[in-house]
C-alpha cells in the first residue's frame with residue numbers, strides 16, 4: 001500500500017473517553033465525533049453561530065475558519081468549533097464536559113460589571129443618627145424641652161440649627177422623660193445648608209439599622225434596595241410591576257390618562273401603592289417595619305417623577321415640551337402617602353428635560369461617564385430609550401419612545417427577567433427546533449427581553465422571519481413549530497406540556513412587529529444623534545448599557561437584529577440597573593447628590609420628537625437588521641460563511 005493510500009484517512013481520538021474514528025481529509029470534526037459514537041450539542045444546527053460545540057485539539061492538525069466565538073488565547077490553546085473545523089491530519093481531541101464548556105463559550109453575553117471608572121463618591125449620607133444624653137431640667141436650668149434638645153443636637157452635629165416639626169414635638173416631653181433623658185436622634189442634614197431637621201427620636205441607645213431606600217420607578221417596573229445608612233450595606237432588593245401599567249403601557253398614554261377627571265390622583269396612588277408594595281417586601285425580608293425607613297431617594301423618567309409626586313405631566317407632551325419641575329424639591333413621605341416614616345425626606349433625582357429624567361442623571365452618575373476621557377455611548381433600554389453621548393468635556397442626551405416590549409409588555413407571553421423566563425434561544429436551521437435557556441433552569445413560564453432579542457435574531461437567521469419582520473407563512477405545515485393562530489402566524493417556543501403555564505409559549509407576528517419597532521426606535525435615535533454631532537459609529541470607544549433586563553443580553557444577537565450598532569464586542573459593557581445604582585449613590589453620599597445636579601445641568605438635550613429626520617431613520621430601521629445592510633458587516637460576514 002502506498003504512502004498516499006495509507007494517509008487517505010486520518011485517526012481522530014476523542015478524550016477523555018478514548019473513542020476514535022477514521023475519516024478522510026476535510027471531514028467536519030463534528031461528523032467525526034458522530035462516527036465515533038459521541039454526541040456534541042449543536043443548537044444552531046452546525047452553522048457555527050452559537051459556539052456551543054467547542055472542543056480542544058490537543059495534538060495533530062485541524063483547519064478552522066476565523067470565528068468571533070474564539071479569542072486569540074483560545075485559538076492558541078487549540079480550541080476549535082467542531083461544526084466548522086475540518087480534519088487535516090491525525091489528531092487527539094478533548095471534548096469538554098458541559099460545565100467546562102459553559103465557561104469556555106465566548107459569546108458577548110452581558111453580565112453586570114463594575115463601572116469602568118472609579119468615582120470618588122465618598123460615603124456621607126444626609127441622614128445621621130446620634131445618641132444624646134441630656135441633662136434633666138432643674139430649678140437652676142429650666143429651659144424648655146425643645147431648647148434643651150436643640151442645644152444638644154447643635155453641639156453634637158455642629159449645625160447652627162436643627163428644626164423639630166410638630167408631630168415629634170407633640171411627643172417630645174413624654175419621650176425625653178420615659179427614656180431618662182437618653183435618646184437616639186435621627187437627623188436629616190441636607191448638603192449646602194447649615195441647618196438640619198429632626199426626623200425621628202427614639203428612647204435610649206438604639207442598635208437597629210438606620211434604614212434608607214433607593215427606588216427606581218420605571219414605566220413598566222419598579223425596583224428598590226433597602227440600605228443600612230450606618231455603613232451603606234444593601235440589605236435586600238425587590239421589584240414589582242408598576243401598577244400604572246393598568247392605565248397605559250407608555251408615558252404618553254399615561255399623560256393622556258392623567259388629564260381625565262381624577263386621573264392624575266389615580267396614577268399617583270398607583271405609583272405610591274407599587275412603591276409601598278416593594279418596600280413592604282423588603283422590610284419583611286429584614287423583619288423590620290416600613291415605618292423604620294427614614295429616607296427615600298427615587299429615580300425615574302420625567303413623567304414617572306411627575307406622577308409619583310402628583311404633578312401634572314400635561315405640558316411634557318405639548319410643544320414646547322416643558323415639565324413642571326426638572327429638579328423637584330425634597331418632600332416628606334407623609335405628603336405622598338408612602339408607608340415609611342411620614343417625616344422621611346423623599347428626594348427625586350434631578351432631570352434634564354421632558355423626556356430625559358432623573359433615571360438618566362442617575363445612570364451617568366453611577367456609570368461615572370461624567371469622568372471618562374473616552375468617547376462613550378450610554379444606552380438605557382426600557383420603555384423609553386434614553387441615550388447619552390460624550391465624555392468628561394461634553395455630553396449630549398436624547399430620548400425616544402421605544403415601547404414596553406423588551407420589558408415584557410405588549411408581547412403575548414412576555415415577562416420580566418425573573419425565574420421562569422426564557423432568556424436565550426438557538427434554532428437549528430435544518431429542523432427549526434429551538435434550544436432554550438430559562439432563568440432558574442426550571443420550566444419556562446414566558447419570555448423576557450433578552451430572550452426576545454435572542455429569539456428574533458435566531459428566527460431571522462434561520463429564515464423563520466423575513467427581513468421585513470414577518471413570519472414566513474409558506475412554512476406553515478412544513479414544520480410543527482410554525483402555524484397560524486388567533487393573532488396570525490406564530491412560532492412555538494415551548495409546548496404546553498413542557499411549560500410552567502400549561503399552555504404553548506409562542507411569538508406571533510404582532511409580537512415581532514412590536515419588537516422590531518422597539519429596536520428601530522432605539523437605533524434610529526442613536527444614528528440621528530451621531531449625525532447631529534458629526535461623529536461616526538467607529539469613533540465610539542465604549543458602549544455602556546443600562547437597564548435591568550440587560551443582564552442576559554447577547555451582544556452578537558442584539559447586533560444581528562439591528563438593536564445595537566455593529567461595533568467590536570469588547571466595547572460593550574453592561575451595568576445593570578444604573579438608575580437604581582445612581583439612586584443608591586445619592587442615598588449614601590451628599591456629594592453624589594451635588595454631582596447629580598451638576599450632571600443634569602451639564603447635559604445638553606437634543607430634541608428628536610419634532611425632528612422629521614427621526615421618522616426617516618426610524619422607517620429605515622424597520623427591517624432586520626436595517627435597510628442599510630452595509631452598516632452591519634459582521635452579519636454579512638456570517639452569512640457568507642454559511
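The values are calculated or read from the model by the stated rules, or taken from the named source; none is laboratory data. Because the structure is a prediction, the values reported are computed rather than measured. Using ideal geometry, Cβ is built from the backbone for each residue, glycine included, and neighbour counts are taken over all protein chains shown.
Structure data summary
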| read-out | value |
| --- | --- |
| Residue match in segment 478-494 (condition: on the phi > 0 side of the Ramachandran plot, out of contact with any helix residue (DSSP H, G or I) (no Cβ under 8 Å at 6 or more places or on another chain) and in the same structural domain as residue 624 (by TED's automatic domain parsing)) | no |
| Residues that are touching a strand residue (DSSP E or B) at 6+ places or on another chain (Cβ under 9 Å), more than 17 Å from residue 215 (Cα to Cα) and part of a loop (DSSP other than H, G, I, E, B), drawn from segment 241-275 | 250 |
| Residue within segment 468-481 that is within 25 Å of residue 629 (Cβ to Cβ), out of contact with any strand residue (DSSP E or B) (no Cβ under 6 Å at 6 or more places or on another chain) and touching a residue at least 60 places away in the same chain (Cβ under 8 Å) present | yes |
| Flag if residue 426 is assigned to a loop (DSSP other than H, G, I, E, B) and either touching a strand residue (DSSP E or B) at 6+ places or on another chain (Cβ under 7 Å) or buried (at least 22 other Cβ atoms within 10 Å of the Cβ) (or both) | no |
| Candidates 339, 401 - the one that is surrounded by fewer than 22 Cβ atoms within 10 Å (Cβ to Cβ) and within 22 Å of residue 528 (Cα to Cα) | 401 |
| Number of the condition not met by residue 335 [criteria: (1) within 16 Å of residue 547 (Cα to Cα); (2) without any contact (Cβ under 8 Å) to a residue 60 or more places away in the chain] | (1) |
| Unique residue being within 18 Å of the chain's Cα centre (by Cα) and either surrounded by 20 or more Cβ atoms within 10 Å (Cβ to Cβ) or more than 21 Å from residue 633 (Cα to Cα) (or both) when the list is 547, 562 | 547 |
| Selection within segment 447-464 - surrounded by fewer than 23 Cβ atoms within 10 Å (Cβ to Cβ) and in a strand (DSSP E or B) | none |
| Residue 440 being within 29 Å of residue 529 (Cα to Cα) and either in a helix (DSSP H, G or I) or touching a strand residue (DSSP E or B) at 6+ places or on another chain (Cβ under 9 Å) (or both) | no |
| Close pairs from segment 5-20: first under 14 Å from residue 88 (Cα atoms), partner at pLDDT 85 or above and not in a strand (DSSP E or B), Cβ under 6 Å, at least 6 apart | 12/32 |
| Criterion: part of a loop (DSSP other than H, G, I, E, B) and over 23 Å from the mean Cα position of the chain (by Cα) - qualifying residue of 467, 483 | 467 |
| Residue 84 being modelled with pLDDT of 75 or more, farther than 19 Å from residue 429 by Cβ and either out of contact with any strand residue (DSSP E or B) (no Cβ under 7 Å at 6 or more places or on another chain) or surrounded by fewer than 17 Cβ atoms within 10 Å (Cβ to Cβ) (or both) | no |
| Qualifying residue in segment 312-320 (condition: at positive phi, in contact (Cβ under 8 Å) with a residue 24 or more places away in the chain and surrounded by fewer than 18 Cβ atoms within 10 Å (Cβ to Cβ)) | no |
| Matching option when the condition is under 24 Å from residue 546 (Cα atoms), part of a strand (DSSP E or B) and at pLDDT 95 or above, among 298, 304 | 298 |
| Conditions (1) under 33 Å from the mean Cα position of the chain (by Cα); (2) surrounded by fewer than 15 Cβ atoms within 10 Å (Cβ to Cβ); number of the one not met by residue 204 | (1) |
| Residue 143, sole failed condition from (1) out of contact with any helix residue (DSSP H, G or I) (no Cβ under 9 Å at 6 or more places or on another chain); (2) surrounded by fewer than 19 Cβ atoms within 10 Å (Cβ to Cβ) | (1) |
| Out of 243, 260, sole residue that is modelled with pLDDT of 95 or more, outside the structural domain of residue 518 (by TED's automatic domain parsing), more than 22 Å from the chain's Cα centre (by Cα) and surrounded by fewer than 23 Cβ atoms within 10 Å (Cβ to Cβ) | 260 |
| In segment 570-605, the residues that are more than 18 Å from the chain's Cα centre (by Cα) and modelled with pLDDT under 90 | 570 |
| Selected residue [over 24 Å from residue 280 (Cβ atoms) and either in contact with a strand residue (DSSP E or B) (Cβ under 8 Å, 6 or more places away or on another chain) or not assigned by TED's automatic domain parsing to the domain that holds residue 585 (or both)] from 228, 194 | 194 |
| Scan of segment 168-190 for residues that are surrounded by 13 or more Cβ atoms within 10 Å (Cβ to Cβ) and either in contact with a helix residue (DSSP H, G or I) (Cβ under 8 Å, 6 or more places away or on another chain) or at pLDDT below 95 (or both), ordered by number | 169, 172, 176, 183, 185, 187, 189, 190 |
